[in-house]
Structure formats: structure tokens, C-alpha cells
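Below is one structure; the comments refer to it alone.
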Amino acid sequence: MRVLVVEDQAALADSVARVLRREGMAVDVAYDGTAALDRTSVLDYDVVVLDRDLPGMHGDQVCRTLVGQGSLSRVLMLTASGTVAERVEGLGLGADDYLPKPFAYAELVARIRAVARRAAPATPPVLVHGDLRVDPAQRTATRAGARLALTPKEFAVLEHLLTAAGRVVSAEELLDHVWDEATDPFTTTVKATVNRLRAKLGDPPLIVTVARAGYRI
């Protein structure tokens with residue numbers, strides 16, 4: 001999934017980004033509210049991890065703007081205050097979840113995955129297609145009971161294709177959701193990754209190439 005981390009404390013933002021990337025997520029970082037809205041106006045993030053106590057444009061305003069624009073991004077709000085009143089207020093702004101600081105990275109990852117599953121239509125915690133079984137939380141994929149040795153990007157592409165549930169997914173969509181902003185938009189990395197993934201999945205083939213459209217399972 002593609003995640004935007006919005007946090008003005010650069011050390012914390014960069015640390016969170018590193019953890020999420022190790023979990024196979026594509027992560028961009030914004031250090032203030034204005035930059036966050038600039039990024040969300042260009043990309044549809046699966047989840048926005050939003051610090052509520054941003055200087056300048058407050059996190060509340062960022063959340064209100066996203067909701068008002070009809071953004072499909074799920075918002076996980078972070079704050080140094082963990083009182084019930086603060087949580088209720090944050091959720092009332094349209095946030096999907098609320099996590100007080102300090103937090104354990106394992107819980108942050110679990111909450112990000114949980115709010116991402118609330119997308120319409122909701123996705124199950126374990127993705128199954130025939131004899132293929134993918135567990136995003138455990139980062140495991142098996143086919144006919146045999147463990148598949150996938151790289152983080154291969155796993156993320158497979159997860160996104162399974163979540164699409166038969167819909168054709170373009171290379172541009174995969175680039176937007178699996179890779180971050182540092183990736184060259186004209187690269188052939190999507191095609192190369194799909195080809196490696198197709199080989200690892202074995203026979204009978206699961207990934208179909210739809211000419212001039214993309215890929216589907």
C-alpha cells in the first residue's frame with residue numbers, strides 16, 4: 001500500500017517511514033500540513049498517518065480538508081494527548097483511527113493495515129485465490145501449501161492484484177501504490193517485477209497481462 005506520513009518532527013517521521021518500508025509499504029513523508037495537502041492532491045494514498053499537533057496548518061484542518069474533498073484515503077491520527085475527549089474529537093473530524101504518542105511501531109503497523117482494510121469494498125485480512133494464500137500481516141504467501149520466497153515489492157504487487165479481485169490494474173496504478181515518489185515514472189521496474197513474480201508463482205499461470213491495459217489475477 002502507499003502511505004503518507006505527516007509529522008513535523010523529522011527524526012520521528014523518518015523513523016516511522018523506515019519501519020513501514022521494512023513492512024513492504026511505499027512511503028512518502030510530509031513535514032507540514034500544506035505539503036501534505038499538496039501531495040494528496042496528486043496521489044490517492046491508501047493511508048495518511050497524520051500528526052494532529054502540526055505547526056502552521058493544524059492536523060485538524062488537514063483532516064477536515066481531506067474529508068471535505070471526498071478523499072478515499074484512510075486517516076490514522078497521531079497525537080501526544082491520549083485522553084478520551086481528544087480521541088472522540090479526532091474521530092469526529094473524520095479520522096478512521098487514533099493512536100496516542102508514544103506508540104509501539106508494531107501497533108502502528110497493525111493499525112495502518114486495519115484501517116486500509118476498511119476500503120470499499122472491504123478487504124479480508126487473508127487474501128485467498130484458489131491454492132494461493134497471502135497473509136499481509138504475517139508477510140507470508142503460499143501456493144498449494146508451499147512457501148513463496150518473494151521480495152517486498154513482489155509481495156506488494158501480488159497483494160495489490162489480489163485486492164483488486166479480478167479488476168485490471170494498470171502499471172501506473174501499481175507504480176502509485178507499491179513504489180514511492182523516488183521511483184522514475186518511466187521505469188520498466190513494474191514489468192520486471194511482475195515477470196519475476198509470475199515465474200515464482202509457477203504453473204498454472206495466475207497473472208494475466210491485458211494488452212495496453214495492465215494486469216489481473
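The values are calculated or read from the model by the stated rules, or taken from the named source; none is laboratory data. Since this is a predicted model, take the numbers as computed values, not measurements. Every residue, glycine among them, receives a Cβ derived from its backbone with ideal geometry; neighbour counts consider all protein chains shown. SASA here: full protein model, heavy atoms, side chains in, ligands and nucleic acids out. Shrake-Rupley method; radii C 1.70, N 1.55, O 1.52, S 1.80 Å.
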The condition from (1) of a type in the set (Gly, Ala, Ser); (2) surrounded by 14 or more Cβ atoms within 10 Å (Cβ to Cβ); (3) out of contact with any helix residue (DSSP H, G or I) (no Cβ under 7 Å at 6 or more places or on another chain) that GLY94 misses is numbered (3)
If you go through ALA164, ALA137, ALA116, the only one that is among the small types (Gly, Ala, Ser) and within 22 Å of ARG39 (Cα to Cα) is ALA116
query: When you look at ALA171, is it in contact with a Pro (Cβ under 7 Å, 6 or more places away or on another chain) and at pLDDT below 95, yes or no?
result: no
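Scan GLU154, GLU181, GLU159 and give me the residue that is within 14 Å of ILE217 (Cβ to Cβ), out of contact with any Pro (no Cβ under 7 Å at 6 or more places or on another chain) and not aliphatic (A, V, I, L, M).
Exactly one residue qualifies, and that residue is GLU154.
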Exception for VAL62 within (1) touching a Lys or Arg at 6+ places or on another chain (Cβ under 8 Å); (2) assigned to a helix (DSSP H, G or I) falls at (1)
Scanning region 97-132 residue by residue, the ones that are buried (at least 16 other Cβ atoms within 10 Å of the Cβ), part of a loop (DSSP other than H, G, I, E, B) and either modelled with pLDDT of 90 or more or among the aromatic types (Phe, Trp, Tyr) (or both) total 0
>> Considering only region 153-171, I want to know if a residue exists there that is within 17 Å of the chain's Cα centre (by Cα) and more than 21 Å from THR209 (Cα to Cα).
In response: no
### Query
Is one or more of the residues making up region 146-153 assigned to a helix (DSSP H, G or I) and open to solvent by 70 Å² or more (accessible area, probe 1.4 Å)?
yes
Verdict on ALA141 being outside any strand (DSSP E or B) and of a type in the set (Gly, Ala, Ser):
no
Requested in this report: Can you confirm whether region 26-43 contains a residue that is of a type in the set (Ser, Thr, Tyr), at pLDDT below 95 and open to solvent by less than 10 Å² (accessible area, probe 1.4 Å)?
Outcome: no
The one condition VAL67 fails out of (1) in a loop (DSSP other than H, G, I, E, B); (2) open to solvent by 30 Å² or more (accessible area, probe 1.4 Å) is (1)
Within region 7-17, restricting to residues that are assigned to a loop (DSSP other than H, G, I, E, B) and open to solvent by 10 Å² or more (accessible area, probe 1.4 Å), the one that is nearest to GLU173 (Cα to Cα) is ASP8
Listed by first then second residue, the pairs whose first member lies in region 145-172 and is under 18 Å from ASP46 (Cα atoms), whose partner is assigned to a loop (DSSP other than H, G, I, E, B) and of a type in the set (Lys, Arg), with beta carbons under 8 Å and at least 6 positions apart or on separate chains, are PHE155/ARG139
From the option list LEU78, LEU54, LEU20, LEU4, single residue qualifying as assigned to a loop (DSSP other than H, G, I, E, B) and either open to solvent by 50 Å² or more (accessible area, probe 1.4 Å) or touching a residue at least 40 places away in the same chain (Cβ under 8 Å) (or both) is LEU54
Note on region 181-207: residues part of a loop (DSSP other than H, G, I, E, B), charged (D, E, K, R) and surrounded by 13 or more Cβ atoms within 10 Å (Cβ to Cβ) are GLU181
Matching residues in region 25-41 (polar (S, T, N, Q) and part of a helix (DSSP H, G or I)) number 2
